[in-house]
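The values are calculated or read from the model by the stated rules, or taken from the named source; none is laboratory data. It should be emphasised that the depicted structure is a prediction, and the values quoted were computed from it without experimental measurement. Positions of Cβ are backbone-derived with ideal geometry, glycine not excepted, and every protein chain shown enters the neighbour counts. Note: areas computed on protein heavy atoms with side chains; ligands, DNA, RNA excluded. Shrake-Rupley method; radii C 1.70, N 1.55, O 1.52, S 1.80 Å.
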Amino acid sequence: LSLGSVAGMAAHAARLGRPLFVLWLDAHSDFHTPDTTASGHLHGTPMAYVAGLPGFDAFPALAATVATANICMIGLRSVDLPERAALARTDAQLVDMRAIDEGGIRAPLAEFLARAEAANGLLHVSLDVDFLDPSI
């Protein structure tokens, strides 16, 4: 679902001439490419796909990508080494559960939303239930 919905929102934002901001509330970054996923499951790839990472040749071409500076991932608990390496090469805002436990969620969330508003951006929110409850 995320592959299509975020890609569709990115195309819509581009048609309007506005940037898309993605608030990714998830225990996982889903920043694998088909080349880095050990499982081969596509549910671990949507954010890398919409960010325009290479390796998605068999996927439909994107009308627009999401700038990694416009991505905020909050609640990260489980990020594989290849994803961690790929994310380290971006300017995405990453807020893991340790940071939330130590400093709360309000400040990083408010900062991201303020940036989206200042840029007159559109906001797409993706919420995976494992963000709320790691037992699910």
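Can you give me the C-alpha center-to-center distance between the stretch 34-96 and the stretch 1-23, rounded to a whole angstrom? For the stretch 34-96 versus the stretch 1-23, the Cα centre distance is 15 Å. Helical runs (DSSP H, four residues minimum) scored at -39500 (n - 2.57) apiece and divided by the length of the chain put the mean residue ellipticity at 222 nm at -10000 deg cm²/dmol. Spread over its residues, the convex hull of the C-alpha atoms of the stretch 77-136 is 109 Å³ per residue. Of all the options Ala107, Ala64, Ala99, the one that moves most in a Gaussian network model of the chain with Cα springs shorter than 10 angstrom is Ala107.
So between Asp35 and Ala61, what do we pick up on full extension, going 0.36 nm a residue minus the alpha carbon distance?
Residue separation times 0.36 nm, minus the Cα-Cα distance, leaves 7.6 nm.
Specify the residue with the greatest mean-square fluctuation among Ser78, Ser39, Ser126, computed from a Gaussian network of the chain linking alpha-carbon atoms under 10 Å apart. Of the options given, Ser39 has the highest mean-square fluctuation. For the chain, the residue among Thr33, Ile71, Leu81 whose Cα projects farthest onto the positive side of the dipole built from Cβ charges is Ile71.
Size descriptors for the stretch 1-90: radius of gyration and Dmax over Cα atoms are 12.4, 37 Å. Computing the accessible area with a 1.4 Å probe over protein heavy atoms, can you report the carbon and sulfur percentage for the stretch 79-128? After summing per-atom areas, the C and S share lands at 54 percent. The residues of the stretch 55-134 expose, per residue, 59 Å² of accessible area to a 1.4 Å probe.
Rounded to 0.05, the FRET efficiency of the Leu123 and His43 pair, given R0 = 22 Å and the Cβ-Cβ distance, is 0.50.
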